[in-house]
Amino acid sequence: MRAAYRHRSFAAAILCASWFGARGGLAAGENAPDEQRFRELYRELVEINTTDSAGDTVRAAEAMARRLRAGGLPADDVRVLSSAPRKGNLVARLRGTGARRPLLLLAHLDVVEARREDWSFDPFKLQEVDGFYRGRGTVDDKAMAAIFVANLIRYLGEGYKPDRDLVLALTADEELSDSPNDGVRWLLEHHRELIDAELAINEGGGGVLQNGKPTRNQIQLAEKVYQSYRLEVRDAGGHSSLPKPGNAIYRLADGLVRLAKFEFPVELNQVTRPFFERVMRGEEPAVAAAIKELLAGRTDSQTLAPLTQRFVYNAQLRTTCVATQLEAGHAENALPQMARATINCRIMPGDRVEDVEATLVRVLNDEKISVKPIGKAVASPPSPMNVEVMQAVESITGEMWPGVPVIPTMSTGYTDSRWLRPAGIPVYGVSGLFTDPAKSGTHGLNEQIGAKELHAGKEFLYRLVKALSTEKRTN
């Protein structure tokens, strides 16, 4: 399989970059050596293992710090802060005029686990295959991390003086749901002054490719609240040759079947309503008709079936709770003394977590099934629809991808924005990185992003950060 791929040289990629730049601004104003330097930076970051099990985000943070110092950022404005062994965070500041409060540029350095035996290649050796960059973290989230570092160096080389400080934070442990060493959480608790900002740009949005073509550029304004629960049944057990009523496994299984058949009610909020208003225009007739009914207030299951059968859309409409892990019994020849399941809930912003727990208890309908939260949910309100941010994103999207709509979205997963929003820092998840969700391999095997799309995202973020940090003059 691997031998069948056509490997292209990076020199060919440079030619491809130049071709695309002439037709829409891959990296307008940059030359081939600039793009080569970016690829070297990107390669270095991807090839540093930053998994929780064996990786080291201190090493990654220090590597990017060296790049920034070499690019001209004063050493005093580049700090590597460690929250624990192998847990490193980079905070760097490009100083502006101070006319406005800082703009925070956020990306995380850690990546999801990747086992060499599962992948078609070494996940920590950057591959270039058929116009794609492949490797763990090539999308999530080392693409944005590398882009922000490269673009800060580009601003320094240009002598650009923003009207506000540009603060870059590359952080640890975003991929771990309740880590005390989560970089953003830790920085807010111990070094708030270093990352305090008027607003922030983070992952969570991004562009969507369908059949290789850009269809929408998403800007994330909200995300669901993460909360897991442990369901457990305890019993005295006994010899397996003497079955008796109340088997712990059966009781738990019956409760899980009831939960599998249950759906939380449909609801719209300040982000999902405009999301559906905009995606309706490009949808097939049956789905568009269901969205129209939804926006008119109809929420019965039959009317919305064409919409809710799309699992991506269904998750935008309601709180979801799903079984993700099972554990039971202690011996092959013994009745189970314990049966346990983990339920992961993604709760609509604004919904009360305690109400979701109460609903689980009601649906399971068995007093022998205990329901206990795992960790503590972080309630994160949506960011307001910032006019300056929206106008900048729409303008640059129109320049680079004419006709592609900008759509506000709510992430069904979570990002480090969940720590910033409650702390009073509005966050906008937008990258200009276009991927096909079914083929990107994010959190899965053989993660990849198109070389053309990566370089276009770099140019998009270069323009966006400039647009949000350049003084607006009026005549």
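We did not get these values from a lab; they are worked out from the coordinates using the rules stated. These numbers were taken from a predicted model, which means no experiment stands behind them. Here the Cβ positions follow ideal geometry from the backbone for every residue, glycine too, while neighbour counts run over all protein chains shown.
The table that follows gives values for the structure above.
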| item | result |
| --- | --- |
| Integer Hz, Karplus 6.51/-1.76/1.60 couplings in order for region 317-330, x for Gly and Pro | 9, 7, 5, 10, 9, 9, 5, 10, 8, 9, 8, 6, x, 10 |
| Packing-based exposure ordering (other Cβ within 10 Å, fewest first) of Ser370, Ser417, Ser241 | Ser241, Ser370, Ser417 |
| Difference of contour (0.36 nm per residue) and Cα-Cα distance, Asp118 to Glu388 | 92.8 nm |
| Cut-off 16 Å (backbone N to label point 7 Å along Cα→Cβ of Thr342), residues of region 42-76 | 52-53 |
| Cross-link reach list, aspartates and glutamates versus Lys458, counting only Cα pairs under 17 Å and skipping chain neighbours closer than eight places | Glu30, Asp34, Glu35, Glu40, Glu44, Asp140, Asp141, Glu158, Glu203, Glu394, Glu399 |
| Kirkwood-based shape ratio for region 225-374, expressed as Rg/Rh from alpha carbons | 1.12 |
| In sequence order, calculated HN-Hα J values of region 377-382 (Karplus, 6.51, -1.76, 1.60; Hz; x Gly/Pro) | 5, 10, 6, 10, x, x |
| Gained length - Leu326 relative to Ser370, 0.36 nm times residue gap less alpha-carbon distance | 14.4 nm |
| Cut-off under 5 Å, modelled amide H: who pairs with Ile219 long-range | Ile407, Thr409 |
| Amide proton proximity set for Ser228, modelled H, under 5 Å, gap of 5+ | Cys345, Ile374 |
| Per principal axis, descending, Cα span of region 230-275 in whole Å | 60, 18, 11 |
| Part-to-part distance (alpha-carbon centres) for region 235-300 and region 107-147, which is given in Å | 33 |
| Backbone N under 19 Å from the Leu242 label point (7 Å along Cα→Cβ), restricted to region 309-350 | 330-338 |
| Which labelled figure in (i) 1.16; (ii) 1.05; (iii) 0.94 is Cα Rg over 2.2 N^0.38 Å, once derived from the coordinates | (ii) |
| Cα long-axis angle, helix 285-295 against the chain (0 to 90 degrees, to the nearest 10) | 80 |
| The chain: angle of helix 248-260 to the longest principal axis, Cα-based, in degrees nearest 10 | 50 |
| Rh by Kirkwood over Cα pairs, then Stokes-Einstein D for region 123-250 at 1.567 mPa s and 4 °C, µm²/s | 65 |
| Using θ = phi - 60° and Karplus 6.51 cos²θ - 1.76 cosθ + 1.60, couplings along region 190-202 (whole Hz; Gly, Pro as x) | 10, 9, 3, 4, 6, 10, 4, 7, 6, 7, 9, 10, 9 |
| Nearest-0.05 FRET efficiency for Lys292 and Asp163, computed from C-beta distance (R0 60 Å) | 0.90 |
| Distance from region 430-461 to region 317-331 (C-alpha centre basis), Å | 31 |
| Additional length obtainable on full extension of the chain from Asp77 to Lys439, 0.36 nm per residue less Cα span | 126.5 nm |
| Ser301-Glu399 pseudo-label distance in nm [points 7 Å out on the Cα-to-Cβ vector] | 5.0 |
| Leu335 long-range amide H proximity, modeled H, under 5 Å | Gly238, His239, Ser240 |
| Inter-label distance, nm, simple model (7 Å from Cα along the C-beta direction), Arg230/Thr97 | 5.7 |
| Degrees separating the helix 387-400 axis from the principal Cα axis of the chain, which is the longest one | 70 |
